[in-house]
Amino acid sequence: MLKVKLARFGKKNQPHFRIVVNEARDKRDGSYVALLGHYIPSSVPKVLEIKLAEYKEWLAKGAQPTETVASLVKKFESGNPFPERKPQLSKKAKAKQAEAKEAAAAPQAEEVAPEAPTEA
């Protein structure tokens, strides 16, 4: 049975995947029948290129995509596979902001409630 799957290439901690058609029992990085595209998750921005026409031809011939490849193809077909995210603060930075807000709110609370004079 043929599978459409990812074959890993690239250096240590710098993966580069080829989207290939391969026999299901063959080695992950062994020889393959057809090359359909590539995926580079470690680059900024991420790179995803798939030859959709060839991919659909192989599906028509009976090749089964893996879950990962199926999700990547779905993202690729959407037109914007990896939308840019707004940068978010780290946990430490959020904690500092919360402390700063509490410190700013604390003196205001003291000013609102003046002390009552005591009668002697």
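Every number here is computed from the coordinates shown, using simple stated rules; none is lab data. Just so we're clear, the structure is a prediction, and the values are computed from it rather than from any experiment. Note that each Cβ is placed from the backbone with ideal geometry, even for glycine, and that neighbours are counted across all protein chains shown.
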Between (i) 15.5, 55; (ii) 13.8, 41; (iii) 27.6, 98, the structure-derived Rg and Dmax of the Cα atoms in Å is (iii)
Distance in Å, no decimals, from the C-alpha centre of the range 64-109 to the one of the range 2-27 is 29
The lysines whose Cα lies under 26 Å from the Cα of Lys61, excluding any fewer than 8 residues away in the same chain, are Lys3, Lys5, Lys27, Lys51, Lys74, Lys75
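For a Förster distance of 25 Å, can you work out the FRET efficiency between the beta-carbons of Arg28 and Glu84, rounded to the nearest 0.05? The partial results should precede the final answer.
Working: r = 31 Å, r/R0 = 1.24.
Once rounded, the FRET efficiency stands at 0.20.
222 nm [θ] for the chain, helices only, -39500 (n - 2.57) per DSSP H run of 4+, per residue, to 500?
Rounded to the nearest 500, it is -11500 deg cm²/dmol.
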Tilt, helix 67-77 to longest principal axis of the chain (alpha-carbon atoms), in degrees rounded to tens, equals 80
Row for the range 1-67, column shape: gyration tensor on C-alpha, a ≥ b ≥ c, rounded if a/c < 1.5 i.e. under 1.5, prolate if a/b over b/c, else oblate; value oblate
